[in-house]
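Step one of this worksheet: look at the structure below.
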Amino acid sequence: MTTKRTGRVATKSAPSLHPHVLVMHGPNLNLLGSREPKHYGHATLDDINRTLASRGDVVSAFIETFQHNHEGALVDRIHQASRDHVDFIVINPAAYTHTSVAIRDALAAVAIPFVEVHLSNIYARTGAGICAASPPKQDASWISEN
C-alpha cells in the first residue's frame, strides 16, 4: 500500500482555494515500469506520482495518491475520502475495472466528483463494454491510446 500527500493543505471550514484531489491506483500498478511495458510504458508509479505532485503544485491543488492491491482497501479509502473532505477523485481501478461492483457503489455513495482513467486502451485490449467500476454518474473518463 502506498499513500502519499503532496501539495498544499487547505482548511475545509471555507471553500478551498486549494482543492484536495485523491488519486487512486488499483491492483498491480505498483509494478509499473517493469510489468508489461509494451502496454503500460516504462514509467514507474513513483514517476507518475511525482508528475502528479508537480502538476498539483502548478495549479495549487493538494494531491494525495493511494495505491492498493486489495478491493476492500480501495473501497475503505473511497469512504474515508468523504470524511477527509476530498473535492475530487481520480481513479484507475485497473483489474477491478470490469468486476468491482463494490468500488462502483462506493463511488456512488460518497457523491464526490470523479474521473476514471486508464494507462492503456482497455476497450481495444479486452473488447469490454461498460466499466463495472464506474457508476452512471461518472463525471468523465480518460483512456490512453496505448
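The values are calculated or read from the model by the stated rules, or taken from the named source; none is laboratory data. The shown structure was predicted, so the numbers you read here are calculated from the model rather than taken from an experiment. Here the Cβ positions follow ideal geometry from the backbone for every residue, glycine too, while neighbour counts run over all protein chains shown.
Within segment 38-77, track down each residue that is farther than 17 Å from residue 90 by Cα, of a type in the set (Gly, Ala, Ser) and touching a residue at least 24 places away in the same chain (Cβ under 8 Å).
Result: 41, 72.
Every residue, every condition in (1) touching a Ser or Thr at 6+ places or on another chain (Cβ under 7 Å); (2) hydroxyl-bearing (Ser, Thr, Tyr); (3) part of a loop (DSSP other than H, G, I, E, B); (4) farther than 30 Å from residue 17 by Cβ, yes or no:
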{"position": "48", "(1), (2), (3), (4)": "no, no, no, no"}
{"position": "52", "(1), (2), (3), (4)": "yes, no, no, no"}
{"position": "72", "(1), (2), (3), (4)": "no, no, no, yes"}
{"position": "76", "(1), (2), (3), (4)": "no, no, no, no"}
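Determine which member of the set 22, 32 is over 18 Å from residue 115 (Cα atoms), of a type in the set (A, V, I, L, M) and either touching a helix residue (DSSP H, G or I) at 6+ places or on another chain (Cβ under 6 Å) or in contact (Cβ under 8 Å) with a residue 60 or more places away in the chain (or both).
On the way: 22 fails: over 18 Å from residue 115 (Cα atoms).
Only one candidate passes the filter, namely 32.
So which residues in segment 52-61 are under 25 Å from residue 107 (Cα atoms) and either surrounded by fewer than 15 Cβ atoms within 10 Å (Cβ to Cβ) or under 14 Å from the mean Cα position of the chain (by Cα) (or both)?
Scanning segment 52-61 gives 52, 53, 55, 59, 60.
Scan segment 5-46 for residues that are crowded, with 16+ Cβ neighbours inside 10 Å and either among the acidic types (Asp, Glu) or at pLDDT below 85 (or both) and jot them down.
Passing the criteria: 6, 7, 10, 16, 40, 41.
Given the conditions (1) in a helix (DSSP H, G or I); (2) in contact with a Leu (Cβ under 8 Å, 6 or more places away or on another chain); (3) closer than 29 Å to residue 17 by Cβ, and given that residue 89 satisfies all but one, which numbered condition is not satisfied?
That leaves (1) as the condition not met.
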